[in-house]
Amino acid sequence: MPNIKSAKKRVKTDQIKRERNKDQITSMRTAIKKVKVSAKDENKEIAIQKLNEANKKIDKAVKSGLIHKNKAARNKSKLAKIVDNIK
């Protein structure tokens with residue numbers, strides 16, 4: 001534990017930011033999994049809705065700097081390809 005007052009504050013704010021980032025990453029990953037599950041069930045309408053939600057969460061993660069824009073593009077492309085292959 002730090003001794004300097006400002007360092008103590010920094011530890012608190014870092015913990016809050018870490019939890020917020022973790023929540024956002026977790027919700028993004030969950031949205032991606034929901035797209036894959038709905039695609040497995042071969043329900044295209046629900047899969048498209050889940051894809052839109054996942055894209056929003058991915059874009060939000062890029063905007064806040066949690067993931068790189070190329071990773072976001074790769075994930076979105078992969079999910080779109082999965083949804084397009086539903087019969």
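Please treat every number below as a calculation from the coordinates, not as lab data. Just so you know, these numbers come straight off a predicted model, no measurement behind them. Cβ: placed from backbone, ideal geometry, glycine included. Neighbour counts: every protein chain shown.
Taking each residue of the range 29-52 that is farther than 15 Å from Ser77 by Cβ and in contact (Cβ under 8 Å) with a residue 40 or more places away in the chain and looking for partners that are exposed (fewer than 12 other Cβ atoms within 10 Å of the Cβ) and basic (Lys, Arg) with beta-carbon atoms closer than 7 Å, six or more apart or interchain, yields Glu42/Lys87.
Only one of the numbered conditions (1) among the aliphatic types (A, V, I, L, M); (2) more than 10 Å from the chain's Cα centre (by Cα); (3) not in a helix (DSSP H, G or I) is violated by Ile67, and that is (2).
In the range 15-28, the residues that are part of a helix (DSSP H, G or I) form Cβ pairs under 7 Å with partners that are among the polar types (S, T, N, Q), at six or more places apart or across chains, as follows: Gln24/Ser64.
One residue stands out in the range 40-78 among those that are surrounded by fewer than 17 Cβ atoms within 10 Å (Cβ to Cβ) and of a type in the set (Gly, Ala, Ser): the one that is farthest from Thr26 (Cα to Cα), namely Ser77.
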